[in-house]
Amino acid sequence: MQKSLYFIFLLFLSFSCYSQQNIGKSEQQLVKIIYSNYGGGLGWSETLVITQDSVNYNSNLFATNKKSRLDTTISTDDWNKLVSFFDLKTFKSIHSGPSRLPIDGTDTKYTVVLNSGEKYSFVNGKDLSINKKIISFLELIHSIKKTIINKIKE
């Protein structure tokens, strides 16, 4: 009887250790994408925040104090495409380029947030050979932004 209890205890212990190991190794998933464009001679900023269920867009032209904002939903299809196009390893390997702000240019920043809370970003991404590997992801972000801007203009 004592050997049976000991065996059951060891079995229970081994399963609890195994499940803890699997929790730590869960796959990192994309939960938020943030696109920002800012700068320019007139002071411009726009931010697009995309999550699994929503899209939030804000823009501000500081020289005229013109502001635009739209909060809407994202289609399941668009979110699934973003997730499928996203490659964390490639995204992390893109280096930031020089700022264009000193010459009245605009800087563009891409940030991704994972379910672990980790954030990765780059500004004015360079290394175009690496950038091309994730071009579908970036193009879809711009397509969503264009759709939002068209809704604001209506």
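Laboratory data are not the source of any read-out in this text; all were calculated from the coordinates shown. Owing to the predicted nature of the structure, the values given are computational and were not obtained by experimental measurement. Glycine gets a Cβ as well: all are built from the backbone with ideal geometry, and neighbour counts include every protein chain shown.
Note on LYS119: lysines with a C-alpha under 29 Å away, same-chain residues under 8 apart excluded, are LYS25, LYS32, LYS67, LYS81, LYS89, LYS92, LYS109, LYS132, LYS133, LYS145, LYS146. Placing a label point 7 Å from the Cα of THR73 along the Cα-to-Cβ direction, the residues of the range 140-154 whose backbone N falls under 19 Å of that point are 144-145, 147-149, 151-152. Approximating the spin labels as points 7 Å out from Cα along Cα→Cβ, the LYS119-to-SER84 distance works out to 3.0 nm.
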